[in-house]
1. Looking at segment 18-31, which of the residues that are within 11 Å of the chain's Cα centre (by Cα) and not β-branched (V, I, T) is surrounded by the most Cβ atoms within 10 Å (Cβ to Cβ)?
2. Mind checking which strands (runs of 3 or more DSSP E) fall wholly inside segment 35-130 and carry at least 2 residues that are surrounded by fewer than 20 Cβ atoms within 10 Å (Cβ to Cβ) and not β-branched (V, I, T)?
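The values are calculated or read from the model by the stated rules, or taken from the named source; none is laboratory data. In this text the structure is predicted, and so the values were computed from the model without any measurement. Reconstructed Cβ throughout: ideal geometry from the backbone, glycine too, with neighbour counts over all protein chains shown.
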Amino acid sequence: MAVQASKSVSLTILSSGKTFKLSADNIINFTAVGSNAQLTYLNNRDNVVTTIVSQSVATINTAAARTQAVTLDNADSTVIYIHSDKIIYIDDSTSFRQITYNGSGNYPTIYNVTESAAAINTAAENTFII
């Protein structure tokens, strides 16, 4: 059986104009910045990089089929996209929901979110609700 190649997306770093292809598996998260996106990813040396890319969030989300959109429970209801494989767990046991995922440097990052834990759990097959 052939091994299925990971999906990739072509990106351009806004500040330098440098273009590169990124494996969807290396995406940690991204947020919308106008028509562009702030993208956090692992580069080819396994370093965590965060940069603004001139690529629409919709295009990145299409290429990285295993990303999950979550709405942060903050003043402007920021929507971020987290790669499902980076999600550690989802806590829906209190009056608010928390999602924990491996963020920059693979350190756990915790956000309060407004998205339903059940929907996130469906997208991230390897997570569970504690």
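1. So in segment 18-31, the residues within 11 Å of the chain's Cα centre (by Cα) come out as 24-31.
Still in the list and also not β-branched (V, I, T): 24-26, 29-30.
On the way: A24: 20, D25: 15, N26: 18, N29: 24, F30: 26.
Per the stated criteria, the residue is F30.
2. 36-42, 87-91, 97-102, 108-113
So that you can scan it fast, the table gives a plain yes or no per residue for (1) aliphatic (A, V, I, L, M); (2) out of contact with any Gly (no Cβ under 7 Å at 6 or more places or on another chain); (3) modelled with pLDDT under 90:
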site	(1), (2), (3)
D46	no, yes, yes
T51	no, yes, no
T71	no, yes, no
I80	yes, yes, no
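A quick yes/no check of all residues on (1) without any contact (Cβ under 8 Å) to a residue 12 or more places away in the chain; (2) of a type outside the set (V, I, T):
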| residue | (1), (2) |
| --- | --- |
| V53 | no, no |
| R66 | no, yes |
| T71 | no, no |
| S95 | yes, yes |
